[in-house]
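Colleague: Structure incoming, see below.
Just so you know, all these numbers are worked out from the coordinates, no wet-lab data involved. Values in this document were obtained by computation on a predicted structure and should not be read as measured data. Using ideal geometry, Cβ is built from the backbone for each residue, glycine included, and neighbour counts are taken over all protein chains shown.
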Amino acid sequence: MLKLIPLGGLGEIGLNMMVMEWDHHIIVIDAGLMFPEDYMPGVDMVIPDIQYLKENSTKVKAVILTHGHEDHIGAMPFLLREINAPVYGTNFTLELLKSKLDEYDLIDNPSLNKINAGDITDLGPFKIEYIRVNHSIIDGVGLAISRYYQIGRIYDPIYLCRRWEDNSDASLSIEAQNRHNLYKDRLRTFELTARIQLNRGK
């Protein structure tokens, strides 16, 4: 059974961390912090509760970072102190992470894996495609996450598009516009396929 477990980031600004679990495989999407509110005197930062990941540490296969904002990578040093898992992210995101890990003397510990928009990573039952998105920080990606299971032959795609924005900026190059349209078409295909499979299951 597929489990989607938000450990932070829903209904709040910051603490972005989503867990996807299938059987004995867990992938973690982002690990962000939240800056303290006025009613939190003496608190420097707020991080997600990772107790569930600590209790299931052997299942964690990877941490995937969508971009380098603090509310998406700020809690990584605290996560990597407890969980030994490879980290995937774009070049700029990983460079920001390296600087942060160096502050906590963790720079030599994690396995950092550079990805580019358009790449595909297979992690157990999950296939992750990285999709270029527009955001207020460079080198961000959305994630199209698919899983396969055998009941005859059923393809059940699950997509998570982080920070997707429709961009009609005429200053984009022809190549960039074509790539942007391709990604939008892929997302529509994922959504349509998911709806077909859901209707078949009724």
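Colleague: Could you sort 25-31, 12-18 so that the peptide with the highest average Cβ count within 10 Å comes first and the rest follow in order?
Modeller: On the way: 25-31: 25.1, 12-18: 20.3.
Answer by packing, highest mean first, reads 25-31, 12-18.
Colleague: A further question on this structure: As a test, work out the antiparallel percent of DSSP beta bridges whose residues both lie in the stretch 1-76, rounded to the nearest 5.
Modeller: So the antiparallel bridges in the stretch 1-76 amount to around 75 percent.
Colleague: So how far apart, in nm, are the two label points at SER99 and SER111 if each is 7 Å from Cα heading toward Cβ?
Modeller: That separation, rounded to one decimal, is 2.7 nm.
Colleague: Sticking with this structure for a sec: For the pairs LYS54/LYS114; LYS3/LYS61; LYS59/LYS127; LYS3/LYS59, flag any whose C-alpha to C-alpha distance is greater than 21 Å.
Modeller: Values: LYS54/LYS114 25 Å; LYS3/LYS61 15 Å; LYS59/LYS127 16 Å; LYS3/LYS59 13 Å.
Correct reply: LYS54/LYS114.
Colleague: I've got another one for you. With label points built 7 Å along Cα→Cβ from the Cα atoms of TRP22 and ILE5, find their separation and express it in nm.
Modeller: The two pseudo-label positions are separated by 1.7 nm.
Colleague: Quick check on packing: order 68-80, 84-96 by the mean number of other C-beta atoms within 10 Å, highest mean leading.
Modeller: 68-80, 84-96
Colleague: What's the ranking of 38-47, 120-129 by average number of surrounding C-beta atoms within 10 Å, highest first?
Modeller: 120-129, 38-47
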